[in-house]
Every structure is written in structure tokens, then in C-alpha cells.
Amino acid sequence: MKLAELVDLLGGKLVQGSAEAVITRVNSTVDAAREHLVFAQDAASAVDALTSNAGAVVLKPGMAKGYPADKAIIETPQPRVWFSGAARVLRPVPPVTGIGRAAVVAPGASLGERVCIGACAVIDDNVVIGSSTRVDAGAIIASDVRIGADCHIYPRVVIYPGTTLGDRVMAHAGAVLGSDGFGYVRDSITGAYTQFPQQGTLIIEDDVEIGANTTIDRGALGETRIRRGVKIDNLVHIGHNCDIGEDVILVALTGISGSSSVGKGAVIAGQVGIGDHAHVGEGVILGGQAGVLSGKTVTNEGLKPGTVLWGTPARPLKQVLREIAVLARLAKGKGRGAASE
């Protein structure tokens, strides 16, 4: 794309260089070529970017005292965001291939314009797939599923009956969406377990990305909802009747038990465990391996913005570190006492 087209789409200001210059891709400062775009987030990285082979550099206004004459320069308050947007629009569009070899599309399915179905994928009855959506090889889309426009369903994804996906949803290989929740009723006399009804729905809103081998359960009687802009890493599990707020980040190996909720903009780091009927408040940051006990609420109330909560039960990281230091001193003192004794 021409630099002028990128600036029109993404904003920013072209302060040096030709608006007609063509950019083919983004790249690192080490590997960039003349037709590539790089970015700088701070003064140190600006030196590398401006001395690279890249033809165009995006950075913050005033980050460098001067610009090399051979570089096109785009200034923007958020270079990393601008760079990421450029990467997205410059990414090659997969070719339109229609319905692949041995794919099975039920007569009652409705496919929008430019929909691609990969080899050996299965599209069941009453499925609706929006325009320009791609379903890759071996994916299983069960009956009554609704998938919006511009989605990408990678190989071997399984979507259970009645699940709804919005627009621009990306589900990576092996994800399972809408499976039964883990809910059982125990007979107090015999000790046997009977499954509690798992007949609700799963709703995934627009612009959600779901990592490989992640599983999201349908609601038991109501719905599980993943709200707009949520980004989910690989190997995450979300239980039935959960509500995940807008723009939440869920990192790998996190598990969220049934009927729990996570507020808008929260960040849940790797291996976090959240019990059932718990609530994580808006903007809360849970560090790696933090734990939220069943029925508990964790919020940022009274804490500075950006405070990381850690440990089980989750509490401010500085507090946890103080507790560890105190325990270490106690243990050391006890050891000396035992030795003298």
C-alpha cells in the first residue's frame, strides 16, 4: 500500500518522505528492507529504526532530533498501535477457494459471499456463515451455529450446536466452543452423579480472538458470553455461565470456573485460577498463578492504577513480597534458635 493510504486508514502524520512510496510489509529493524515499515517506541529504539534499511519509520513526535533524508517518517502518539494496524492491513488476503475437497455442507446451511470452506470441514444444517469468513480444513460447525462476517475458523476447531460468533472472530486450531459445562448433581443416597442440564448457549461478540486448544463451555440454562475485543491465549478454559467483559486479556493455562465474571479491561496472566461464582473487577491485573477463591470479589478499589495482584487469595504484589520477607526472617531466626538449642 502507499503511505498515503496507510495514513488515511490509521491516522498519524507523514512529516517526511513521499506519500506515493509503496510499503509491502512490516518488519524488525534487523531484517527490514527498503519497502518495509518499522517502528520505534522510545529514543533508544528510534536510533535502531532510523539507521535500519527500512524505507519508512513510525515513531512519536519529537522522539529524534533529526531524520535521515532517505527515510519516510510517520509521527503518531502510539507507534506500536499504528505499526500493528499497518501489519493487519498489509497482511495478504487468503485466496478465495470456495468449498474444498471432501467438505460436507448440509443443504440447509446458508453461506455468505466469498465464504471459504476447507477440505474435510463439516457444516451442519441451519448454520449461517457471514461473508468473507474462512473455515479451514477439518473444522466441525454443528447445527444452528451463527458465524458473522470476516471470521477465521482454523483447522480442527469444533463449534457445538447453537453457538453464536460475531464479526471478525478468530478461533485457532483445536479450539472447542460451546461444549457442555462441568455440572453434576450428586445423589446423597447412592453417591452417583447425574449431569445437570447443559442446554444454554455460548455467545462470542465481535473482534474476539481465541487461542489454540482453548475450550469455552455453553451456559447450563442461560448463556456464557465473551464480550467484544476479548483476547484469549492458548489452553485457556472458561466454564459455563461465565461473563468475560470487553477487552479482557486471558493468558495461557488460565482456568475460570462456572458462573464467574471478569470486568472490562482486566488482565489475567498465565496459570491463574478463578473459582466458581467469583468476580474480578474492571481493570484488575492478576499476576501469574494468582488465585481467586470461589464466591469472592477482587477489585482495584483503594489501589493505584496498574497494581498487580498476586498469590492465593490474590492481593497486592507488594503486600505478598512483604509477607514472604517476614516469613523468611522468621524461618531464619527459628533455625538459629534450634541450632543453639
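Some values worked out for this structure:
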item: Positive-end extreme of charge dipole, the stretch 39-159 - chosen from V58, N126, I140 (charges on Cβ); result: V58
item: Hz values of 3J(HN,Hα) by residue in the stretch 261-275 - Karplus curve (6.51, -1.76, 1.60), Gly and Pro given as x; result: 9, 10, x, 3, x, 6, 10, 10, 6, x, 6, 6, x, 10, x
item: The stretch 1-127, accessible area per residue, ligands and nucleic acids excluded (1.4 Å, Å²); result: 55
item: Note, ³J(HN,Hα) from phi for the stretch 294-304, Karplus 6.51, -1.76, 1.60, rounded to Hz, x at Gly and Pro; result: 3, x, 8, 10, 10, 10, 8, 4, x, 10, 5
item: Percent accessible area from carbon and sulfur atoms, the chain, protein chains only, probe 1.4 Å; result: 56
item: Shape box of the chain [Cα atoms, principal axes, largest first, Å]; result: 79, 77, 35
item: The chain: calculated mean residue ellipticity at 222 nm from DSSP helix runs of at least 4, using -39500 (n - 2.57); result: -5000 deg cm²/dmol
item: Charged-residue dipole, Cβ positions (Lys, Arg, Asp, Glu), the stretch 90-245 about Cα centre, Debye nearest 20; result: 300
item: Derived scalar couplings ³J(HN,Hα) [the stretch 182-199; Karplus, 6.51 cos²θ - 1.76 cosθ + 1.60; whole Hz; x for Gly, Pro]; result: 8, x, 9, 10, 9, 6, 5, 8, 8, x, 6, 9, 10, 5, 6, x, 10, 10
item: Hits among lysines - C-alpha to C-alpha of K304 under 23 Å, sequence gap 8 or more where chains match; result: K264, K296, K318
item: Estimated D of the stretch 1-137 in µm² per second, where Rh is the Kirkwood radius over Cα pairs and Stokes-Einstein applies at 4 °C, 1.567 mPa s; result: 76
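The values are calculated or read from the model by the stated rules, or taken from the named source; none is laboratory data. Every value quoted in this text rests on a predicted model; they were computed, and no experiment measured them. Heads up, the Cβs are rebuilt from the backbone with ideal geometry, glycines too, and the neighbour counts pull from every protein chain shown. Please note that ligands, DNA and RNA were not included when accessible areas were found on the heavy atoms of the full protein model with its side chains. Shrake-Rupley method; radii C 1.70, N 1.55, O 1.52, S 1.80 Å.
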